[in-house]
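Take a look at the structure below.
The values are calculated or read from the model by the stated rules, or taken from the named source; none is laboratory data. Everything numeric here is computed off the predicted structure, so don't read it as measured data. For neighbour counting, all protein chains shown are included, and Cβ atoms are generated from backbone atoms with ideal geometry for every residue, glycine included. These area figures cover heavy atoms from the full protein model, side chains too; ligands, DNA and RNA do not enter into them. Shrake-Rupley method; radii C 1.70, N 1.55, O 1.52, S 1.80 Å.
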Amino acid sequence: MNSYDIIKRPILSEKSYGGIAAKRYTFVVDTRATKTQIKSAVEEIFKVRVEKVNTANVKGKYKRQGKHEGYTSDYKKAYVQLKAGEKAIEFFENLA
């Protein structure tokens, strides 16, 4: 897996916006990725130094659309904390 396969997309929610000021970013990552792989992928893609990575496996929610019903996909979420004194990720600067 290369770095772009590990980091799928950022999570842009009200809770994740609160962490941007503290340089704590949230991403959807590959379910098979480890914390070490996530750390190296973020460092390679965004050219920053990562202090720590926390992960959470999220179960899909039950949804109905008319007579059809089912579950959304499960996914893995990664919370990435940058080291102190590190520059912010450019993508998130406009959102804070």
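Estimated at 0.36 nm per residue, the fully extended path between Lys52 and Gln81 surpasses their Cα-Cα distance by 9.9 nm. Each residue of the range 72-83 was assigned a 3J(HN,Hα) from its phi angle through the Karplus expression (A = 6.51, B = -1.76, C = 1.60, θ = phi - 60°), giving 6, 5, 6, 8, 10, 10, 10, 9, 10, 9, 7, 5 Hz with x at Gly and Pro. Counting alpha carbon pairs within less than 8 Å and at least 6 residues apart, what relative contact order, in whole percent, applies to the chain? Answer for the chain is 31 percent.
Residues whose amide H comes within less than 5 Å of that of Thr55, counting only those at least five positions distant or on another chain, are Tyr79 (H built at 1.01 Å from N in the peptide plane). Leaving out ligands, DNA and RNA, and with a 1.4 Å probe, what % of the accessible surface on the chain is carbon or sulfur? Summing carbon and sulfur atoms, their accessible area is 48 percent of the total for the chain. Per-residue surface analysis assigns Arg24 an accessible area of about 70 Å², computed on protein heavy atoms at 1.4 Å probe radius. Shown here is the pair-distance distribution of the chain: with all Cα-Cα distances grouped in 5 Å bins from zero up to the longest one, the shares run 3, 13, 23, 23, 16, 10, 6, 4, 2, 1, 0 percent. Note that the range 32-48 has calculated 3J(HN,Hα) couplings of 8, 6, 8, 4, 5, 5, 5, 4, 5, 5, 5, 5, 6, 6, 9, 6, 10 Hz, one per residue in order, obtained from phi through the Karplus relation 6.51 cos²θ - 1.76 cosθ + 1.60 (θ = phi - 60°); glycine and proline are x.
The charge dipole of the chain, taken about its Cα centre with unit charges on the Cβ of Lys, Arg, Asp and Glu (plus for the first two, minus for the last two), comes to roughly 360 debye. Full extension of the chain between Arg9 and Arg32 yields a length gain of 6.7 nm, computed as 0.36 nm times the residue separation minus the alpha carbon distance.
Solvent-accessible surface of the range 1-58, taken per residue with a 1.4 Å probe and all protein chains present: 61 Å².
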